[in-house]
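These notes are about the structure you will find just below.
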Amino acid sequence: MNCPLLNSNVEVFIEDAARFAVGATTLDRVGALHGMEPEQVLAALSDTEMSVRVERAAAELERDGSAARIRARSLLYEAMRRLSETVDQGECSPSFLLRLAEVMGKLSAEPKEEKAQNTGPSFQISIDLGGGQSVSLSNNVQPVVLDASTGEPIVSNPAPGWRG
């Protein structure tokens with residue numbers, strides 16, 4: 001591979017270049033992380049083997065959803081940097097910036113996966129009574145098993161007082 005990687009781990013460079021490819025970082029930042037000028041990064045990315053590896057890494061970031069999270073974090077970082085400049089200039093208070101960071105941190109946390117509960121079959125009937133009034137009936141029901149030969153329901157657990 002003929003690329004000007006200076007004192008840099010190639011795999012880390014590929015990951016960083018993939019982040020650049022999906023729009024989650026800048027060329028300058030990739031260069032700074034690897035002790036390279038932006039032109040040297042572009043030269044490294046022009047190598048066929050390197051560009052194929054970077055494209056694969058970028059495709060994987062898009063496929064598993066990492067690219068969207070990386071872009072969101074990048075935008076969040078830039079917004080916080082700009083807000084901190086306004087604090088430095090005295091345009092807003094440090095407590096505002098701290099509270100904003102706290103709220104944004106909570107919002108950016110990974111969502112917890114909730115287990116779907118199997119509630120079984122259910123039905124809902126809505127009756128419009130007119131005049132803006134309606135009645136809704138809903139309930140979870142037990143599955144109904146039909147006899148294949150007669151089409152009649154087979155009751156395995158009849159309700160109290162039911163006579164079949």
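The values are calculated or read from the model by the stated rules, or taken from the named source; none is laboratory data. Remember, predicted model here, so these are calculated numbers, not experimental data. Virtual Cβ from ideal backbone geometry, glycine too; neighbours counted across all protein chains shown.
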Quickly run through the stretch 45-65 and pick out the residues that are in contact with a helix residue (DSSP H, G or I) (Cβ under 8 Å, 6 or more places away or on another chain) and either under 20 Å from LEU107 (Cα atoms) or among the small types (Gly, Ala, Ser) (or both).
SER51, ALA57, ALA58
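Within the stretch 50-84, can you find the residues that are of a type in the set (Ser, Thr, Tyr), more than 21 Å from the chain's Cα centre (by Cα) and within 15 Å of VAL30 (Cβ to Cβ)?
Going through the stretch 50-84, the residues of a type in the set (Ser, Thr, Tyr) turn out to be 51, 66, 74, 77, 84.
Pick out the ones that are also more than 21 Å from the chain's Cα centre (by Cα) and you get 51, 84.
The one that is of a type in the set (Ser, Thr, Tyr), more than 21 Å from the chain's Cα centre (by Cα) and within 15 Å of VAL30 (Cβ to Cβ): SER51.
Which one is surrounded by the most Cβ atoms within 10 Å (Cβ to Cβ), of the residues in the stretch 13-42 that are β-branched (Val, Ile, Thr) and at pLDDT 90 or above?
Taking the stretch 13-42 first, the residues β-branched (Val, Ile, Thr) are 14, 22, 25-26, 30, 41.
Subset that is at pLDDT 90 or above: 14, 30, 41.
Working: ILE14: 20, VAL30: 23, VAL41: 25.
Per the criteria, the residue is VAL41.
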Applying the selection to the stretch 52-72, what residues are surrounded by 16 or more Cβ atoms within 10 Å (Cβ to Cβ) and farther than 14 Å from GLY23 by Cα?
ARG53
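Residue under question is SER84, and the condition is that it be surrounded by fewer than 10 Cβ atoms within 10 Å (Cβ to Cβ), modelled with pLDDT of 70 or more, in a helix (DSSP H, G or I) and hydroxyl-bearing (Ser, Thr, Tyr); does it hold?
Details: surrounded by fewer than 10 Cβ atoms within 10 Å (Cβ to Cβ): no; modelled with pLDDT of 70 or more: yes; in a helix (DSSP H, G or I): yes; hydroxyl-bearing (Ser, Thr, Tyr): yes.
When the stated conditions are applied, SER84 does not pass them.
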Taking the stretch 73-103, which residues are among the aromatic types (Phe, Trp, Tyr) and within 30 Å of VAL22 (Cβ to Cβ)?
TYR77
